[in-house]
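Q: Sharing a structure here in structure tokens format.
Derivation of every value follows stated rules applied to the coordinates shown; laboratory data play no part. Not measured: the values here are computed from a predicted model. Cβ atoms come from the backbone with ideal geometry, glycine included; neighbour counts cover every protein chain shown.
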Amino acid sequence: MRSVYLMEGENEAVRLAVKDKADETRRQLLETGLSDYLKAGVKIVDAGTGVGVVAEQMAALAETAAATPELILLDASEDRLQVAKQRLEQYRCEKTFLPCDLAHVPLPDNSMDYLFCRFVFEYLSDQRAVFAELKRIMKPGGKMVIADLDNISTSHYPLNPELQYRLDAIVSELQKSGTFDFHAGRKLFSYFHENDLADVRVHAAMHHLFYGEMGENDDFNWSTKLQRLVDLQNKGLLDLDFSVAEFADDFLAFFRSPGRFSYTPVFIVEGKKR
Ligand SMILES: C[S@@+](CC[C@H](N)C(=O)[O-])C[C@H]1O[C@@H](n2cnc3c(N)ncnc32)[C@H](O)[C@@H]1O
């Protein structure tokens, strides 16, 4: 059974659109060799597309290269795929929007050329099963790229011990429940190795890097993430002996202070199916 998407909520489409950094997304696509696949007849997948911010950069790069690959966007959320459809309307290349669970993708074996899947594995209850399924749809010689965060949102200085204690308790509760994996990033290389992919390369970058004043979009993203935790506690899904609403207020006060330093690395792993 598919796990419940931890961030599901009425403003998730807005959050995903607001938090994207288009330049960084484009850089990650180019760094992992998308340009080699921008040709007519080539099939390119954005797995767990959300509102299509990655697919949009794929389409824009295809237009710059005057290429017409087919883009295939996969996501469990039909609502977000609708938003993605509107976002990609202006681009010429052929597009297919497929609502599905990534553990069961309705695409044939050995049919895709390049696949990018970012910020999805951390939400999966069975990461290995999804990796195997994504590998199944790739052509021999096709390239898979999986990107995820490690120790997301948990590295801060100077965090007072009391706030650190409550943050650690929330992380431990989410990790235990299986709804979120704070160590998804460090696991990706193993999946490529275990599945015998060729030409495996790991790229590392900084996804969050906060010092000084915080921008409006980041403030919105982090407030929304904290509100989601408050909602989970209100629904009885977090077994904690303190109020997450109070934690959220205290944490945001810390996080908005220009003296804090916070970071989250992203690992981007690429490899080719043999
Ligand atoms: C944080 S968003 C990532 C969006 C985009 N890939 C990006 O880099 O911005 C995660 C997306 O993965 C989707 N997702 C999570 N688990 C899934 C599953 N098992 N099958 C299909 N989609 C899933 C969610 O619906 C959500 O839209």
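Q: Give a quick list of GluC sites (Glu not before Pro) in the stretch 190-274 that DSSP marks as loop, anything other than H, G, I, E or B, with at most 12 other Cβ atoms within 10 Å.
A: Glu213
Q: Continuing with the same structure: Mind checking the dipole of the chain: about its Cα centre, +1 per Lys or Arg Cβ, -1 per Asp or Glu Cβ, Debye to the nearest 20?
A: With only Lys, Arg, Asp and Glu charged at Cβ, the dipole is about 940 debye.
Q: Compute and list, largest first, the equivalent-ellipsoid semi-axes of the stretch 132-274 from the alpha carbon gyration tensor, each √(5λ) rounded to a whole angstrom.
A: One finds semi-axes of 34, 18, 12 Å for the stretch 132-274.
Q: Using the Kirkwood radius over Cα pairs, work out the Stokes-Einstein diffusion coefficient for the stretch 171-236 at 20 °C and 1.002 mPa s, in µm²/s as a whole number.
A: Diffusion coefficient, whole number: 140 µm²/s.
Q: How far is helix 53-64 tilted, in degrees, relative to the longest principal axis of the Cα atoms in the chain, given as a value from 0 to 90 rounded to the nearest 10?
A: The angle comes out near 40 degrees.
Q: Right, another one. For a quick check of your reading of the filter: which GluC sites (Glu not before Pro) in the stretch 1-60 sit in a DSSP loop and have no more than 15 other Cβ atoms within 10 Å?
A: Glu8, Glu10
Q: Something else: Quick check: residue separation of Val18 and Ala245 times 0.36 nm, minus the Cα distance between them. What number comes out in nm?
A: Extra length available between Val18 and Ala245 comes to 79.4 nm.
Q: Let me ask something else. What does the net charge come to around Thr64 if you take all other residues with beta carbon closer than 15 Å to its beta carbon, with K and R at +1 and D and E at -1?
A: 0
Q: So how much slack lies between Ala40 and Ala65, counting 0.36 nm per residue of separation and subtracting their Cα-Cα distance, in nm?
A: 7.9 nm
Q: Measure out, as a whole number of angstrom, how far apart the alpha-carbon centroids of the stretch 24-55 and the stretch 142-197 sit.
A: Here the answer is 24 Å between Cα centres.
Q: Okay, helix-only estimate at 222 nm for the chain: each DSSP H run of n ≥ 4 adds -39500 (n - 2.57), divide by all residues, round to 500 deg cm²/dmol; what do you get?
A: -12500 deg cm²/dmol
Q: Shifting gears a bit: Hey, can you grab everything whose amide H is under 5 Å from the amide H of Ala76? Only 5+ residues off in sequence or another chain; H modelled, so Pro and N-termini drop out.
A: Here Cys100 satisfy the definition.
Q: Next question. If you line up the long axis of helix 184-194 against the longest principal axis of the chain, both from Cα atoms, how many degrees apart are they, to the nearest 10?
A: It works out to around 40 degrees.
Q: Oh, and also: Please compute the net charge surrounding Cys93, taking Lys and Arg as +1 and Asp and Glu as -1 over other residues with Cβ under 13 Å from its Cβ.
A: Result for the neighbourhood of Cys93: -2.
Q: Near Lys43, which lysines are there with a Cα under 30 Å away, not counting those fewer than 8 places off in the same chain?
A: Lys19, Lys21, Lys85, Lys95, Lys135, Lys139, Lys143, Lys187, Lys272, Lys273
Q: Related question: With bins 10 Å wide starting at 0, give me the P(r) of the stretch 36-118 over every alpha carbon pair, in whole percents.
A: 20, 56, 24, 1
Q: I would also like to ask the following. Under 20 Å Cα to Cα from Lys235, which lysines show up? Leave out anything in the same chain fewer than 8 places away.
A: Correct list for Lys235: Lys176, Lys225.
Q: Specify, per residue and in Å³, the volume enclosed by the convex hull of the alpha carbon atoms belonging to the chain.
A: Cα-based convex hull of the chain, divided per residue, equals 123 Å³.
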